[in-house]
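S.K.: Below is one structure. I have some questions about it.
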Amino acid sequence: MRFTTKTGKPENAETECLVIPVDAAKPEGVAAALDGQIKGQLAKILAAGDLENKPGKVLMVPGLEGAPATRALLVARGKSKELEPGEYGKMVEAAATALRGAAAADALWCLGEVPVKERDTYWKVRLALHSLSSHIYRFDLLKSKHDTDTPLKLKRVSFAVADRDERTSVNRAIRHGSGIDEGMRLARDLGNLPSNHCTPSDLARQARKLATQYESITTRVIDERRMKQLGMGSLLSVTAGTREPARLIVMEYKGGRTRQAPHVLVGKGITFDTGGISLKPPAAMDEMKFDMCGAASVIGTIAACAKIELPLNIVGIVAAAENMPGDGATKPGDIVTSMSGLTIEILNTDAEGRLVLCDALTYAERYKPRAVIDVATLTGACVVALGRHASGIFANDDGLARELMAAGEFTGDRAWQMPLWEEYGQTLHSNFADVANVGGREGSSIVAASFLSRFARKFKWAHLDIAGTAWLTGTKKGATGRPVPLLVQFLMNRAKVAQ
Ligand code: BES
Ligand code: MN
Ligand code: ZN
């Protein structure tokens, strides 16, 4: 899909689909101009009442006589003068859905003329691009016949711009939005790949591939022998039951000055989580192929930042392993020594995410980072608490949590801060080791975060629990690519990139 800008009067444009906002009560802006040209056909269509006047409703109208456009997609904007961002989002979603299924090869997007509260052109274009890209995405790598459902006709979308200034911000939004889209796509592909096609070694291969694609990225892969030397007994305990070798993947993106302290992203990369000896029940266990979505989002975010050429240094650390029962597997009650020196009593081998993350967090210390953010499909309890709309944020620094929430709000990839009070960690007490890997069932997302916080004492740190947001279930089953938009936006804000 290509995105471009277009100046000039939209009503005169030769396009296969003119996407225009309409207030069913009376045509305004582009709609009014078009209606003047086509002798009131539009007003007549609106008066017929087939298009309900509220955001989220659209009507495709082919063959308007006298208009150079092949068809017009009428997008209801409702009566309010200025729309809430969420209402505008509904308009954009509906328009993107209609365009995805339409026969038009190109479209001229004119929804930018609708005023939105506290939002500018840049944001509107970012939203449109995000929405269109998400709708176009299909995962058919493993189907013998590609493109089995509705083949995509749409090849190009142009954004109507009024003047030079607007063109500058629209182009910027296209550049940023395309970078983020590329990162999301990569994260979704990796997430959707099943565990026999996406092993820790496959993730490492992908990270190495990025290093060949971008000069700004270097990738190093730490194998189990080196992990042992580093003292990563916790990470190694998770991989003990599988034949698939674990990998600690380190990607360094250099976009800032040499001495600038990096932001470190840490991703949970469990390529399949059976639960280990504390075996999971069979229902929906296939979805545990998504247990590496944190890792995928870290890889995707690094790719996006490289594409956008963000002036910042970023390190991505992926802790990749498969969690299997088997000969040699870790057993409940086993005690291991983490890289930090803390000993851990593993009471439940299904609480493996924290076990790989804690060693990766300790490894992050060597970068003297400005901040560390880990991303993990960590707890089922987070899905219970927040549903599938928001990722959970846990942080040892409220400012950092607020910045992440703001980035999520801006991109529509929302997250919500949860408390991380000391009391929640009390249940992690062990009679035999420094700490246990599980505590009480109540508030167990916070207990998990509390476990991680013990390995994040040396830097500003936030943990994103994406168990509810990384993938969808049911008929729409598939990876979402979240929280790539949130992370890239956060880093863009940190880099003070112009919008
Ligand atoms: N990967 C799971 C968390 C998960 C489960 C995410 C279901 C999304 C849907 C994680 O490794 C896990 O098994 N967590 C346990 C922790 C428990 C043993 C303390 C959980 O959430 O039940
Ligand atoms: Mn588990
Ligand atoms: Zn897991």
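Quick note: the coordinates plus some simple rules give every number you see, no bench work behind them. Predicted, not measured: the structure shown is a model, and the values here were computed from it. Note that each Cβ is placed from the backbone with ideal geometry, even for glycine, and that neighbours are counted across all protein chains shown.
S.K.: Which angle from 0 to 90°, rounded to the nearest 10, does the C-alpha axis of helix 164-192 make with the longest principal axis of the chain?
M.R.: Roughly 40 degrees, rounded to the nearest 10.
S.K.: Once both labels are modelled 7 Å past Cα along the beta-carbon direction, what's the Lys458-Trp416 spacing in nm?
M.R.: Here the answer is 3.5 nm between the modelled labels.
S.K.: Restricting to the chain, compute how many DSSP beta bridges are antiparallel as a %, nearest 5.
M.R.: 40 percent
S.K.: May I pose another question? With +1 assigned to the C-beta of every Lys and Arg and -1 to the C-beta of every Asp and Glu, and no other charges, what is the dipole magnitude of the chain about the Cα centre in debye, to the nearest 20?
M.R.: In total the dipole reaches around 1100 debye.
S.K.: Further, regarding this structure: What does the charge count near Pro68 come to, summing +1 for each Lys or Arg and -1 for each Asp or Glu among other residues with Cβ under 9 Å from its Cβ?
M.R.: Within the 9 Å Cβ shell, the charges total -2.
S.K.: Something else about it: Compute the long axis of helix 398-411 from its Cα atoms, compare it with the longest principal axis of the Cα atoms of the chain, and write down the angle in degrees, 0 to 90, nearest 10.
M.R.: Between helix and principal axis, roughly 40 degrees.
S.K.: Something else now. Among Thr212, Val435, Gly481, whose Cα lies farthest out toward the positive end of the dipole of the range 183-494, if unit charges sit on the beta carbon of Lys, Arg (+1) and Asp, Glu (-1)?
M.R.: So the residue furthest toward the plus end is Thr212.
S.K.: Where does the charge balance sit around Met292 when Lys and Arg score +1, Asp and Glu -1, over other residues with C-beta under 13 Å from its C-beta?
M.R.: -4
S.K.: Grab the beta carbon distance between Thr7 and Met60, set R0 = 35 Å, and tell me the FRET efficiency rounded to 0.05.
M.R.: On the way: r = 25 Å, r/R0 = 0.72.
The value I calculate is 0.85.
S.K.: On to the next question. Quick one: length gained pulling Thr473 to Arg226 fully straight, 0.36 nm per residue minus the C-alpha distance?
M.R.: 85.2 nm
S.K.: Sorting check: for 434-445, 213-224, which peptide has the highest mean count of neighbouring beta carbons within 10 Å, and how do the rest follow?
M.R.: Those peptides, ordered most packed to least, come out 434-445, 213-224.
S.K.: Same structure again: List the residues whose amide H sits under 5 Å from the amide H of Leu83, counting only those 5 or more places along or on another chain, with H placed 1.01 Å from N in the peptide plane.
M.R.: Val116, Lys117
S.K.: Moving to a separate point now. Tell me which residues come under 5 Å, amide H to amide H, from Thr379 once H is placed; ignore anything under 5 positions away on its chain.
M.R.: Ala467
S.K.: Moving on. Taking 7 Å along the Cα-to-C-beta vector as the label spot, tell me the Glu14-Glu82 distance in nanometres, rounded to one decimal.
M.R.: 4.1 nm
S.K.: Near Lys44, within a Cβ-to-Cβ distance under 12 Å, what is the net charge of the other residues, with Lys and Arg +1 and Asp and Glu -1?
M.R.: Taking every other residue near Lys44 into account, the sum is -2.
S.K.: Quick one: grab the alpha carbon gyration tensor of the range 343-417, order the square roots of its eigenvalues as a ≥ b ≥ c, and give me rounded if a/c is under 1.5, else prolate or oblate depending on whether a/b is larger than b/c.
M.R.: The shape class here is oblate.
S.K.: While we're on this one: Place the peptides 18-29, 181-192, 2-13 in order of packing, highest mean first, counting for every residue the other Cβ atoms within 10 Å and averaging per peptide. Let's see the in-between values first.
M.R.: Details: 18-29: 21.8, 181-192: 24.2, 2-13: 16.2.
The most tightly packed comes first, giving 181-192, 18-29, 2-13.
S.K.: Next question, about the same structure. What full-extension length gain, to one decimal in nm, is calculated for Ser144 and Lys39 as 0.36 nm per residue of separation minus the Cα-Cα distance?
M.R.: Answer, rounded to one decimal: 32.8 nm.
S.K.: Classify the range 369-495 from the C-alpha gyration tensor, please: rounded if a/c falls under 1.5, else prolate or oblate depending on whether a/b exceeds b/c.
M.R.: Working: a/c = 2.30, a/b = 1.29, b/c = 1.78.
Verdict is oblate for the range 369-495.
S.K.: Read phi for every residue in the range 218-230 and hand back ³J(HN,Hα) as whole Hz from Karplus 6.51 cos²θ - 1.76 cosθ + 1.60, θ = phi - 60°, with x for Gly and Pro.
M.R.: Values per residue, Gly and Pro as x: 10, 10, 10, 10, 9, 8, 5, 4, 5, 4, 4, 4, 6 Hz.
S.K.: For the range 485-497, take each phi angle, set θ = phi - 60°, evaluate the Karplus expression 6.51 cos²θ - 1.76 cosθ + 1.60, and give the result in whole Hz per residue in order, putting x for glycine and proline.
M.R.: Each residue of the range 485-497 in turn: x, 4, 5, 5, 4, 4, 5, 4, 5, 4, 7, 6, 6 Hz.
S.K.: If you don't mind, there's one more thing I want to ask. Which percentage, to the nearest 5, of the DSSP beta bridges contained in the range 334-443 is antiparallel?
M.R.: Percentage antiparallel, nearest 5: 45.
S.K.: Through the Karplus equation 6.51 cos²θ - 1.76 cosθ + 1.60, θ set to phi - 60°, convert the phi angles of the range 465-474 into ³J(HN,Hα) values in whole Hz; use x for Gly and Pro.
M.R.: Running phi through 6.51 cos²θ - 1.76 cosθ + 1.60 with θ = phi - 60° gives 8, 9, 4, x, 10, 6, 8, 9, 10, x Hz.
S.K.: Hey, what angle do you get for helix 293-308 against the long axis of the chain, alpha-carbon based, 0 to 90 degrees rounded to 10?
M.R.: 50 degrees
S.K.: If the chain between Lys117 and Lys153 were fully stretched, how many nm would it gain, using 0.36 nm times the residue separation less the Cα-Cα distance? Let's see the in-between values first.
M.R.: Numbers: separation 36, 0.36 × 36 = 12.96 nm, distance 3.33 nm.
Extra length from Lys117 to Lys153 when fully extended: 9.6 nm.
S.K.: Which of the three applies to the chain, rounded, prolate or oblate, going by the alpha-carbon gyration tensor with a ≥ b ≥ c and a/c under 1.5 meaning rounded?
M.R.: Numbers: a/c = 2.24, a/b = 2.13, b/c = 1.05.
Verdict is prolate for the chain.
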